[in-house]
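A.B. asks: Following this message is one structure expressed as structure tokens.
The values are calculated or read from the model by the stated rules, or taken from the named source; none is laboratory data. The shown structure was predicted, so the numbers you read here are calculated from the model rather than taken from an experiment. Don't worry about glycine lacking a Cβ; one is built from the backbone with ideal geometry, like all the others, and counts go over all protein chains shown. The area values use the complete protein model at the heavy-atom level, side chains included, leaving out ligands, DNA and RNA. Shrake-Rupley method; radii C 1.70, N 1.55, O 1.52, S 1.80 Å.
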Amino acid sequence: KGIERELICPACKELFTHPLILPCQHNVCHKCVKEILFAFEDSFADGGSESSNQSSPRIRISASSMDRIDRISRSASQRRSFGWRGRKRNSLTPRSTLFPCPGCQRDIDLGERGINGLFRNFTLETIVERYRQAARAAIAIMCDFCKPPPQESTKSCMDCSASFCNECFKVHHPWGTVKAQHEYVGPTSNFRPKILMCPEHEMERVNMYCEICRRPVCHLCKLGGCHANHRVTTMSTAYKTLKEKLSKDIEYLISKESQVKAHITQLNLLLKETECNSERAKEEASQSFEKLFHVLEEKKSASLRAIEASKNLRMEKLQSQAEEYQGLLENNGLVGYAQEVLKETDPSCFVQTAKQLHVRVQKATESLKSFRPAAETTFDDFVVDITKQEEILSDLSFHSNGVEIPEINEEQSRMYNKALISWECPGKRDSADIYILEYHKLNREEENVTWQEIEVCSKSKVIPDLDDDSTYAFRVRAYKGSTCSPWSREVILRTPPAPVFSFLFDDKCGYNSEHLLLNPRRTSVESRAGFPLLLGSDRMQVGCYTTLDYIIGDAGIAKGKHFWAFHVEAYSYLVKVGVVSSNKIQKLFHNTHDVASPRYEQDSGHDSGSEDAFFDSSQPLTLVTLGMKKFFMPTTPAAPKDPASRILPLPSCVGICLDCDKGRVGFYDAGCMKCLYECEVDCSGIMYPAFALMGGAAVHLEEAVTAKYEEYHDDI
């Protein structure tokens, strides 16, 4: 019974049947491997990851395994979109090469041959068969050749791979023939071949052992197969080495039997201690909640008593008012009494009684003219506001002083094409097992906030598919075991106003390699005045500057709304950024001058006095000026006359939003997604991002948030 756990398939939780050895060295039944692969193939072939494994009652796949199946199916569907149409519905062998191993919980690459490239573990089959016989759990094996009804077999032929009763064995193995020399054993269903053949080269027997892949191979695998450059050894050497190592390790374990028993005793004590401590923790938790229940019951009783007292008081007032008005009816109450008084003929007696009565009648008349209920019927003042308490109770958990509160690092966190949220622990020690990151979209119309939750094992997370031009709140907490830290301070980040437009600097169209320097990835450009400036100094006059060097993006925009961002180095003297139309690119690169006055360049950043000529559509491109750690807003009719009011600090990251449909371009502080300046632009042609540099300056395109930050395979 002690060995049984080693003979159980991790997928079906039953004794192994034709086990296959996976590359990770775990064993899984052949049928289970096929069923698991078919399960996730069906999940993406049918357009979803429903519980397709439910059609097979044999395997029992955990939730984590199904998550891995869903992940593999997504990657498989990506491969299918590039040309692989998947298996036919009547196919008997799965086509996928990735397999979620139920033993080590990892995704295993089965190679090009898939299941057909796996070895069958005949040794394990033999041990399972011996276990069945020893445990008397084997079902009677019937003869394969008897006429119905078949007899129970007495022996099995390893050469024929069949079981026989005594009579059938004599018939099929007559004396004096080759079959009489066949090897036979007791009744068994485990027919192992005498020679182990290579699964990749089916006609070749394995005679070597690959030390890199840890599997038997044939000579063809070594000569020209996937093991050509691997270190191999002969099968006899591998057999001897592994057997010696295994025997030595087993002897060591047996020699430490007393130590193992001591550990078992200690573990049993720990089990009992854990049981006692858990009961104590349950009792303490129950007492804590009972205290809360008691407080709530007291508050509930007090609230109900207050409502009941207010109701009784209001009922009394309204009832008294109703009775008072009832007396105003004819022959009833006050009116009836007044009518009787009017019958008095003695003036003295009438005046004596009527004076007070008249006052009462006047009050009743005034009350009738301005009727107001004596009490309110609504109980709005008795509504219990539990919003804060509900939020506090929702965060109720096991807090521990050993788990530090993480803090979201706003400098490392950023919003671009995706959100990258990074955090760290103040104590600089990673004491948490996992982190829970929550976020929600800030919406003034929504009263109840619904947080979306993500479980993270690292200290950063990439969040895709956020809405454009929206504000999100983020918070994180740490978990260690069943205890957790309080929530971190909420951090508010805003997404770009439009989808992110990806491009590189164009190194062909108008690119001046003498003045501009591109990095190999074409994501950064730097202007270098250098010798061309010195050589042209004889043509320069005092107060004049060299021309701007232009460079554009290698991709254009024809329609829609798009956003991109970049960094300008703080030492940059003059940089212009914006957009240019395709029908004005030629004019842009052929209108250059060796020497230009500041008055020639529109909004050069210098107060020349001639910049009242506003930018119009006749100019080749729409640009704003950056430089000397400043952002210069162009001169417009609506702009302030004071030049100092048009100068802003240069943001660490600048963004541009182009709306071709509305014909507008906006310039943003990409750190907080705040629009600094917006103007109209002619979008009749294809629009390209444009940059101009002069003097010492550098521009770096904002790097997109990609899967390299986290979960690379999932993102791909």
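A.B. asks: Multiply the residue separation of Ser652 and Leu269 by 0.36 nm, subtract the distance between their alpha-carbon atoms, and state the gained length in nm to one decimal. Mind dumping the intermediate values first?
C.D. replies: On the way: separation 383, 0.36 × 383 = 137.88 nm, distance 6.04 nm.
Gain on extension, Ser652 to Leu269, equals 131.8 nm.
A.B. asks: If you don't mind, another one. Tally Lys/Arg at +1 and Asp/Glu at -1 over every other residue whose Cβ is under 15 Å from the Cβ of Ala570; what's the total? Don't jump to the answer; show the numbers that get you there.
C.D. replies: Numbers: positive: Lys629, Lys630; negative: Glu526, Glu569.
Around Ala570, the surrounding residues sum to 0.
A.B. asks: If you don't mind, another one. Take the Cα pairs of region 234-319, get the Kirkwood Rh, then feed it into Stokes-Einstein at 10 °C and 1.306 mPa s and tell me D in µm²/s. Please report the intermediate quantities before stating the final value.
C.D. replies: On the way: Rh = 20.1 Å.
After rounding, the answer is 79 µm²/s.
A.B. asks: Hey, what's region 268-368 come to in accessible area per residue, 1.4 Å probe, Å²?
C.D. replies: Numbers: 8360 Å² over 101 residues.
Accessible area per residue, region 268-368: 83 Å².
A.B. asks: Which shape class, rounded, prolate or oblate, goes with region 407-494 when its Cα gyration tensor gives a ≥ b ≥ c as root eigenvalues, a/c under 1.5 marks rounded, and past that a/b bigger than b/c marks prolate? Please report the intermediate quantities before stating the final value.
C.D. replies: Details: a/c = 2.11, a/b = 1.52, b/c = 1.38.
Cα axes put region 407-494 in the prolate bin.
A.B. asks: Quick one: length gained pulling Leu246 to Leu313 fully straight, 0.36 nm per residue minus the C-alpha distance?
C.D. replies: Details: separation 67, 0.36 × 67 = 24.12 nm, distance 8.98 nm.
Residue separation times 0.36 nm, minus the Cα-Cα distance, leaves 15.1 nm.
A.B. asks: Using DSSP to define loop residues, name the GluC sites (Glu not before Pro) in region 170-223 whose beta-carbon has at most 15 other beta-carbon atoms within 10 Å. Intermediate results must be reported in sequence, preceding the final value.
C.D. replies: Working: sites: Glu183, Glu200, Glu202, Glu204, Glu211; in loops: Glu183, Glu200, Glu202, Glu204, Glu211.
Here the GluC sites (Glu not before Pro) that fit, given the DSSP loop and packing criteria, are Glu183, Glu202, Glu204, Glu211.
A.B. asks: Skipping prolines and chain starts, which residues have an amide H placed within reach, meaning under 5 Å, of the one on Glu14, given they are 5 or more residues away or on another chain?
C.D. replies: Cys9
A.B. asks: Express the carbon and sulfur contribution to the solvent-accessible surface of region 268-368 as a percent, rounded to the nearest whole number, probe 1.4 angstrom. Could the numbers behind the result be given before it?
C.D. replies: Details: 4780 of 8360 Å².
For region 268-368, the apolar C and S fraction of the accessible surface comes to 57 percent.
A.B. asks: Residues of region 244-259 with backbone nitrogen within less than 13 Å of a virtual label 7 Å along the Cα-to-Cβ line of Ile127, please, listed as ranges.
C.D. replies: In region 244-259, the label zone of Ile127 (backbone N under 13 Å from the point 7 Å along Cα→Cβ) covers 246-247, 250.
A.B. asks: Rounding to the nearest 20 debye, state how big the charge dipole of region 407-494 is about its Cα centre with +1 on each Lys and Arg Cβ and -1 on each Asp and Glu Cβ.
C.D. replies: Working: 13 positive and 17 negative charges, 90 e Å.
Dipole size: approximately 440 debye.
A.B. asks: Name the long-range amide H neighbours of Gly671: under 5 Å, sequence gap of 5 or more, or other chain; modelled H, no Pro or chain starts.
C.D. replies: Distant-sequence amide H within range of Gly671: Cys653.
A.B. asks: What's the FRET efficiency of Ser684 with Thr17 using the Cβ-Cβ distance as r and R₀ = 60 Å, to the nearest 0.05? Walk me through the numbers on the way to the answer.
C.D. replies: Details: r = 72 Å, r/R0 = 1.19.
Taking R0 as 60 Å, the efficiency between Ser684 and Thr17 is 0.25.
A.B. asks: Hey, another quick one. Quick check on region 268-368: what are the equivalent-ellipsoid semi-axes from the Cα gyration tensor, as sqrt(5λ), descending, whole Å? Write down the numbers at each step before the final one.
C.D. replies: Details: eigenvalues 1086, 19, 13 Å².
One finds semi-axes of 74, 10, 8 Å for region 268-368.
A.B. asks: Determine the gain in length on full extension of the stretch Glu410-Asp469; use 0.36 nm per residue of separation and subtract their C-alpha separation, reporting nm with one decimal. Present the calculation step by step, with values, prior to reporting the outcome.
C.D. replies: Details: separation 59, 0.36 × 59 = 21.24 nm, distance 1.89 nm.
Gain in length upon complete extension: 19.3 nm.
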